[in-house]
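A short worksheet on the structure shown next.
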Amino acid sequence: MAAFHPSLAELPSEIAVFPLPGALLLPGGRLPLNIFEPRYLAMTLDSLAEGRVFGMIQPEPGVPPGATGPGLYRIGCLGRLSSFAETDDGRLLITLIGVVRFRVAAELPMRRGYRRVRADYAGFEGDLDLGPRPAGVDRAALLGALRPFFRARGIEANWEAIEQTSDSLLVLTLAMVCPFEVREKQALLEAASPEDRAAMLVALLQMGAHPEPDPGNRPADRRPS
């Protein structure tokens, strides 16, 4: 049993949110964060005093900003602070463990410079199930897509460790750490099931292994000198 295993009724209805593009937190995942902006230092300290949770959410590209900041996607993930350390220069090094996804029901007045929302967890009850979560992934297809993706991105990997990682943990970790675009990260977060997330991950890896050529180097764009 996990040290922190709330029921749906025990989840906070009002939470602070940390809008951070490209930072994906999934239920069960671990996300290290380096907190240095004053408003997010305040948010972290307030969260430590009030349940040790806040939400991770991404700004949505193309959505006009509002009075409180950039437009946000409607779905994020509640995280619990599982570790906390303060540096000599005043930064906070923390780790969040993903608990459950949420929808933004409404944005609330800001507090000490950080944003807050009313969270709706309906439809995400399954995130709280700590039982075995088969990823439903074709492991051969996943590894077959991962190797060329890493080569294309110049990423060094410990393949022995990858081979020994369970399917569910491998999908969770790769979805969070691979350098996908903001919209792709959001799609992985919003996947309806572990099987859908695994299939989407394989597709994104396959597409990412064949990046679009530089428009300036396309033959059709070249002109006689």
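Laboratory data are not the source of any read-out in this text; all were calculated from the coordinates shown. Since this is a predicted model, take the numbers as computed values, not measurements. Methodologically, a virtual Cβ is constructed for each residue, glycine included, from the backbone with ideal geometry; neighbour enumeration extends over all protein chains shown.
Which entry in [x] 19.3, 70; [y] 20.1, 67; [z] 16.6, 50 matches Rg and Dmax of the Cα atoms in Å derived from the coordinates of this structure? Correct label, based on the coordinates given: [x].
What do you get for trypsin sites (Lys or Arg not before Pro) in segment 1-97 restricted to DSSP loop and a cutoff of at most 15 other Cβ within 10 Å of the site's Cβ?
Working: sites: Arg30, Arg39, Arg52, Arg74, Arg80, Arg91; in loops: Arg52, Arg74, Arg91.
Passing both the DSSP loop test and the Cβ count: Arg74, Arg91.
In the calculated pair-distance distribution of segment 139-208, the portion above 19 angstrom amounts to 25 percent of the Cα-Cα pairs. Expressed in Å, the radius of gyration and Dmax of the Cα atoms of segment 7-58 are 11.5, 33.
Result for the chain in a Gaussian network model with C-alpha springs under 10 Å: among Ile97, Ile155, Ile57, the largest mean-square fluctuation is at Ile155.
How much net charge surrounds His5 when only other residues with a Cβ under 12 Å from its Cβ are counted (Lys, Arg +1; Asp, Glu -1)?
So the surrounding residues net to -2.
From its DSSP helices (H runs of at least four residues, each -39,500 (n - 2.57)), the chain gives a residue-normalised ellipticity at 222 nm of -9000 deg cm²/dmol. Springs between alpha-carbon atoms under 10 Å, Gaussian network over the chain: tell me which of Asp89, Asp138, Asp127 tops the mean-square fluctuations. Comparing Asp89, Asp138, Asp127 in a Gaussian network model of the chain, the most mobile one is Asp89.
Measuring nothing but how far apart in sequence close Cα pairs (under 8 Å, 6+ apart) lie, relative to its length, segment 8-128 scores a relative contact order of 32 percent. Summing charges over all other residues whose Cβ lies under 15 Å from the Cβ of Gly123, with Lys and Arg as +1 and Asp and Glu as -1, gives -3. The mean sequence separation of alpha-carbon pairs under 8 Å and at least six residues apart, normalised by the residue count of segment 139-208, gives a relative contact order of 49 percent.
In the chain, Cα pairs under 8 Å separated by at least six residues give a relative contact order of 22 percent.
Here is the list for segment 1-41: chymotrypsin sites (Phe, Trp or Tyr not before Pro) lying in DSSP coil, each with at most 15 other C-beta atoms within 10 angstrom of its C-beta, are Phe4, Phe36.
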